[in-house]
1. Take Ser7 and decide whether it is over 20 Å from Leu123 (Cα atoms), open to solvent by less than 80 Å² (accessible area, probe 1.4 Å) and at pLDDT below 85.
2. How do the pairs read when you match residues in segment 114-143 that are within 16 Å of Leu70 (Cβ to Cβ) and open to solvent by less than 10 Å² (accessible area, probe 1.4 Å) with residues anywhere that are in a helix (DSSP H, G or I) and aromatic (Phe, Trp, Tyr), using Cβ under 6 Å and keeping only pairs 6 or more apart or on different chains?
3. For the list (1) within 10 Å of the chain's Cα centre (by Cα); (2) within 22 Å of Cys30 (Cα to Cα); (3) open to solvent by less than 30 Å² (accessible area, probe 1.4 Å); (4) among the small types (Gly, Ala, Ser), I need the number of the one condition that Ala41 fails.
4. Return yes when Arg74 is without any contact (Cβ under 8 Å) to a residue 12 or more places away in the chain, of a type in the set (D, E, K, R) and either surrounded by fewer than 18 Cβ atoms within 10 Å (Cβ to Cβ) or farther than 29 Å from Arg29 by Cβ (or both) and no when it is not.
Amino acid sequence: MMKWAASTLEKAARLLGRSTPRQEKAAARCSPQVLAYVGDAVFEVYIRTFLVGREGDKPVTSLHRSATFLARARGQAAFLKEIEPLLTEKEMGLVRRGRNAGGRIPKGAAMGDYRQATGLETLLGTLYLEGSVERLQEIMGAGLSLLLKDPTKGAGR
C-alpha cells in the first residue's frame, strides 16, 4: 500500500478510537441491520479520510462523487469481493449474517449488490463496536489498495 494511504487510514483509525466494554456487549446483541447501520458510517469515515489524503484539497463536489462511487452498494460489493480471501471464518460468518438479513432494497441498487454491501457493513460495524480498530484498518487498507489497482471494479458496469 502507498505510504500516504497507510497514513490516512491510520488517521481514520485514531478518529474512530476504541470501544468501551459496553459497546462490545452491544455488538453481540445488535441485529444485523443495526450493525450495518454502524458499519456504513465506519466505511464512510474511512473512505472520506482516504480520499482527502489522496486527493488533497479538491472541490468537495469532486470528493463527494468519488466517495459515493465507492460507498454505494455496487462499490461495497466489489470491495467485499476483493477482501473475502483475507477474512477469517468468524468474519465470513458475520458477512453471511448481514447478507442474509432482510430489509428493503433501494431502487437504484441490484439485490445481490445490496445484500453483499449489507454483509460488509455488518462486518465493519461489528469490528468497530468490538474495538477491533487494527483489524478494521487492515481490511480497509487491503480493500482500498486492491480497488485502486483497478478503479473500474467499483463501477461494476
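1. The answer is yes for Ser7.
2. Pairs that qualify, where the first residue is within 16 Å of Leu70 (Cβ to Cβ) and open to solvent by less than 10 Å² (accessible area, probe 1.4 Å) and the partner is in a helix (DSSP H, G or I) and aromatic (Phe, Trp, Tyr), are Leu124/Phe43; Met140/Tyr46; Gly143/Phe79.
3. (3)
4. no
The values are calculated or read from the model by the stated rules, or taken from the named source; none is laboratory data. Quick caveat, the model's predicted, so the values are computed rather than measured. Note that each Cβ is placed from the backbone with ideal geometry, even for glycine, and that neighbours are counted across all protein chains shown. Areas reflect the complete protein model, heavy atoms only, side chains present, ligands, DNA and RNA absent. Shrake-Rupley method; radii C 1.70, N 1.55, O 1.52, S 1.80 Å.
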